[in-house]
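Heads up: the structure comes next, in structure tokens.
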Amino acid sequence: MKTSMQQSAVLRQDMRMNPRLYQAMDLLYMPLIDLQQHLKGELETNPFLELAEPDDDTDDGGEETTEAADTDADDDQVDWEEIILDGINSSGTRAEYEELEVRERTPVESRDLFDHLRDQLQLLDLTPREQLLSEIFVGNIADDGYLRATLEEIVENANAIIKDPRFDGNDGEANGGEYTTADAESMLAIVQRLTPAGVAARDLRECLLLQLQDAEEEESLTYRLVQDAFDDLISHRWSDLAKRFGLQAKEIQDAADILSKLDPKPGIRFLSSADTYVIPDLTVEKSDGEYRVFLNDGGMPRLRISQVYKDIAADKKRFVGENREFITEKLNGASWLIQAIEQRRQTMLKVANFIVDRQREFLDKGVEYLRPLTLREVADVIEMHESTVSRVTSQKYMQTPRGVYPLKFFFSSSLGTTSGEDASSRAVKAQLRKLVGEEPPAAPLTDSAIVDELQRRGIHIARRTVAKYRDQLGILPARMRKRI
């Protein structure tokens with residue numbers, strides 16, 4: 001077999017993404033706050049972009065124009081002409097934009113569960129040896145407050161530390177020799193007395209018992225139920241428990257109801273979470289019986305091509321080589337960005353108007369009247385690709401008379417009805433929740449009964465679908481909802 005090299009011409013079609021197309025897609029995806037930051041960066045790096053005043057007029061080409069400002073007003077601006085002529089890559093801050101600088105709140109570091117427990121341990125009269133073991137216990141407590149290591153693992157870890165040659169045991173930490181399981185059990189009892197009540201529990205049963213002990217309820221029926229019959233208790237076997245304890249089923253239920261006041265995850269309250277601010281990208285208002293959609297872009301900087309630098313760029317004799325390439329790139333980039341922002345606005349309005357028109361009943365009556373909607377339906381109507389609609393609706397929020405909702409909320413699958421129209425799965429879930437909320441406590445609706453009721457309302461649904469929706473809503477089965 002002989003190897004050789006040869007050239008051949010092949011004609012084929014390839015789809016290649018223009019870098020600016022990527023940027024346009026990113027602009028569609030950006031929420032309002034991210035877009036504001038992006039435009040701020042563009043204003044600082046592109047000399048051909050400037051802020052337009054609110055009373056400026058707009059020409060037919062979409063570029064906003066203004067008369068040249070006095071030279072005194074431009075003294076504080078970066079001298080882009082000099083930078084361009086010297087062939088230096090531009091950088092700097094625009095004085096015009098500095099007025100719009102947003103000073104965001106600086107997040108303050110908050111103390112978590114670990115810090116809270118360590119503070120309490122430092123107030124206890126512990127020996128250095130006990131202090132070391134307590135630190136290991138606290139380090140193995142998860143954010144929800146549960147101990148995530150066995151006593152054997154904690155003992156093994158502690159002994160490994162005191163055996164390490166780098167460990168400084170001069171203060172007496174290792175004077176008692178290796179740790180034992182009995183040492184770990186004694187320290188566990190100390191840690192479990194810290195606040196919040198229930199911390200360092202190894203399972204839900206122990207967590208509830210610790211909280212009942214903290215409330216001095218060791219002699220109560222609730223404590224006995226948790227301690228001696230926890231499996232039957234969480235399964236709501238009221239009749240079996242009544243026979244076992246020689247009581248009425250109603251007394252068992254009343255005792256079990258006390259558990260609803262306890263915290264199954266006592267450490268969650270100490271989770272430090274950064275403040276999340278939701279700024280709606282769109283606003284829906286009702287006027288004269290009609291819903292109107294507005295873009296919430298009042299604080300968005302309005303861009304235009306700087307006439308001053310546009311005139312400078314028009315003098316082609318002054319710029320050659322790299323300087324000319326820089327000017328062309330920045331001028332075209334500025335023009336494209338303005339057009340892309342406007343295209344983004346129009347696309348978002350098209351999508352939002354269609355959603356509002358489709359979900360008018362929801363706006364009038366509530367979530368039970370939410371209609372099914374898919375990305376493909378919107379894409380077909382506004383004549384855009386489905387992926388474009390997906391980008392427009394991702395991480396965007398709309399303020400409506402019924403509250404602030406993510407745009408994705410208005411999209412849901414459909415279920416058939418006797419009327420021939422489809423029902424939204426979200427609306428069906430809302431009806432299911434309402435049915436359960438209105439059921440008699442002594443005779444809760446089974447999944448089959450819910451199916452029958454929904455079918456009477458004209459909704460075709462399978463029992464397994466009802467069970468799936470019920471689980472998603474966190475609703476217990478009928479047997480466990482029954483009250484005596």
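Listed values, structure above:
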{"read-out": "Candidate set from the range 113-159 (those that are acidic (Asp, Glu) and in contact (Cβ under 8 Å) with a residue 40 or more places away in the chain); member that is least open to solvent (accessible area, probe 1.4 Å)", "value": "Asp144"}
{"read-out": "Filter result (open to solvent by 90 Å² or more (accessible area, probe 1.4 Å) and either more than 30 Å from Leu28 (Cα to Cα) or modelled with pLDDT of 90 or more (or both)) within the range 254-274", "value": "Ser260, Lys261, Lys265, Arg269"}
{"read-out": "Selection status of Leu247, open to solvent by 30 Å² or more (accessible area, probe 1.4 Å) and modelled with pLDDT of 90 or more", "value": "yes"}
{"read-out": "Selection from the range 195-239 of residues that are crowded, with 21+ Cβ neighbours inside 10 Å and part of a loop (DSSP other than H, G, I, E, B)", "value": "Gly198, Val199, Ala200"}
{"read-out": "Selection within the range 214-245 - without any contact (Cβ under 8 Å) to a residue 12 or more places away in the chain and among the polar types (S, T, N, Q)", "value": "Ser239"}
{"read-out": "Within the range 440-465, tally of residues that are assigned to a loop (DSSP other than H, G, I, E, B), open to solvent by 30 Å² or more (accessible area, probe 1.4 Å) and either aromatic (Phe, Trp, Tyr) or touching a residue at least 12 places away in the same chain (Cβ under 8 Å) (or both)", "value": "7"}
{"read-out": "The range 250-264, subset touching a residue at least 60 places away in the same chain (Cβ under 8 Å) and of a type outside the set (D, E, K, R), residue farthest from Arg483 (Cα to Cα)", "value": "Pro264"}
{"read-out": "Tyr277, sole failed condition from (1) open to solvent by 70 Å² or more (accessible area, probe 1.4 Å); (2) of a type in the set (Phe, Trp, Tyr); (3) at pLDDT 85 or above", "value": "(3)"}
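Residue-wise test of (1) at positive phi; (2) modelled with pLDDT under 85; (3) crowded, with 18+ Cβ neighbours inside 10 Å.
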{"position": "Met348", "(1), (2), (3)": "no, no, yes"}
{"position": "Asp357", "(1), (2), (3)": "no, no, no"}
{"position": "Thr393", "(1), (2), (3)": "no, no, yes"}
{"position": "Tyr397", "(1), (2), (3)": "no, no, yes"}
{"position": "Thr400", "(1), (2), (3)": "no, no, yes"}
{"position": "Pro406", "(1), (2), (3)": "no, no, no"}
{"position": "Thr417", "(1), (2), (3)": "no, yes, no"}
{"position": "Gly437", "(1), (2), (3)": "no, no, no"}
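The values are calculated or read from the model by the stated rules, or taken from the named source; none is laboratory data. Keep in mind the model is a prediction, meaning the values are calculated, not measured. Neighbour counts run over all protein chains shown; Cβ positions are idealised from the backbone, glycine included. These accessible areas exclude ligands, DNA and RNA; they are computed on the full protein's heavy atoms, side chains included. Shrake-Rupley method; radii C 1.70, N 1.55, O 1.52, S 1.80 Å.
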